[in-house]
1. Residue by residue through segment 107-148, note down the ones that are of a type in the set (A, V, I, L, M) and more than 12 Å from the chain's Cα centre (by Cα).
2. Any residue in segment 48-59 that is open to solvent by less than 90 Å² (accessible area, probe 1.4 Å) and under 30 Å from Leu135 (Cα atoms)?
3. Could you please give the count of residues in segment 60-71 that are surrounded by 21 or more Cβ atoms within 10 Å (Cβ to Cβ) and either assigned to a loop (DSSP other than H, G, I, E, B) or β-branched (Val, Ile, Thr) (or both)?
4. Regarding Gln74, is this residue at pLDDT 95 or above and open to solvent by 50 Å² or more (accessible area, probe 1.4 Å)?
5. Could you check segment 121-162 and list, in sequence order, the residues that are within 20 Å of Tyr89 (Cα to Cα) and charged (D, E, K, R)?
Amino acid sequence: MLRSVAGLACALLASATWAQRVPAPAEFYFDADARTAAPVVAIAGDGDAVHGRLLQLVERNARNADQARAQLAQALMRSGRQDTGRALYDQLLASLAPRAPLRSAVHWNYGWDLYRDGQPGPALAQWVHALDGRLVKPSWAPPTLALALWRLDRRDEAKQWYAAAVRTEPRLWDDPARFPQLLPGWTDAERAVLAEVFAAWQADPPAWP
């Protein structure tokens, strides 16, 4: 009985995430937003020894404990311990102030870890949170949100976000052959999905506004 209730709760949460409200794209997205769109690193490196040191920072509530939590959460998710990684990410976000400088970077990284765990809906929610209440218009937003929306079969919205990338840098985003240069941190599979968005945009580009 408990398992069925838990399963129903997870299904309802998944449905709510799939229906994640995404703001309409702005006209341009020129901001680099480099402090957000980058891994959170407390200690350089990877492996068990580094993970152990990160855990020590968390347990001691060191000055960089929040960065250590984020780095450790990512390491856990990428090593197959998704439940523990998600719990650590959620704990960290619950502890951060709404306008904490680290918050947007945690949302951005959490989104990628969720997407690469096969969860584009929750990933989209994290990326939208990374934009909430901020004055910047980051260049990572149009292709990243287009990627998640396409995977969720929200095709018109995906095209609208891709169109924002083209409006911002028309000479860069008009050819998928540039994707490896523009999106070096993406996998080939992720760039292939964005190429599908490009093809749909090219066939029927949405008007602005």
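1. If we filter segment 107-148 for residues that are of a type in the set (A, V, I, L, M), which is where we start, we get 114, 123-125, 128, 130-131, 135-136, 141, 145-148.
Within segment 107-148, Leu135, Val136 meet the criteria.
2. The first filter runs over segment 48-59 and keeps only residues open to solvent by less than 90 Å² (accessible area, probe 1.4 Å), leaving 49-52, 54-58.
If we keep only those that are under 30 Å from Leu135 (Cα atoms) as well, we get none.
For segment 48-59, residues open to solvent by less than 90 Å² (accessible area, probe 1.4 Å) and under 30 Å from Leu135 (Cα atoms): absent.
3. 0
4. So Gln74 fails the test.
5. Asp132
Conditions (1) in contact with a Phe, Trp or Tyr (Cβ under 6 Å, 6 or more places away or on another chain); (2) surrounded by fewer than 14 Cβ atoms within 10 Å (Cβ to Cβ); (3) among the aliphatic types (A, V, I, L, M), marked per residue:
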{"residue": "Pro170", "(1), (2), (3)": "no, yes, no"}
{"residue": "Ala177", "(1), (2), (3)": "no, yes, yes"}
{"residue": "Leu182", "(1), (2), (3)": "no, no, yes"}
{"residue": "Trp186", "(1), (2), (3)": "no, no, no"}
{"residue": "Ala189", "(1), (2), (3)": "no, yes, yes"}
{"residue": "Ala199", "(1), (2), (3)": "no, yes, yes"}
{"residue": "Asp204", "(1), (2), (3)": "no, yes, no"}
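Yes or no, residue by residue, for (1) of a type outside the set (A, V, I, L, M); (2) at pLDDT 95 or above; (3) not in a loop (DSSP other than H, G, I, E, B):
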position: Arg3; (1), (2), (3): yes, no, yes
position: Ser15; (1), (2), (3): yes, no, yes
position: Arg21; (1), (2), (3): yes, no, no
position: Ala37; (1), (2), (3): no, yes, no
position: Val40; (1), (2), (3): no, yes, no
position: Ala44; (1), (2), (3): no, yes, no
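The values are calculated or read from the model by the stated rules, or taken from the named source; none is laboratory data. Keep in mind it's a predicted model, so treat the numbers as computed, not measured. Cβ: placed from backbone, ideal geometry, glycine included. Neighbour counts: every protein chain shown. In case anyone asks, the SASA skips ligands and DNA or RNA and just uses the protein heavy atoms, side chains included. Shrake-Rupley method; radii C 1.70, N 1.55, O 1.52, S 1.80 Å.
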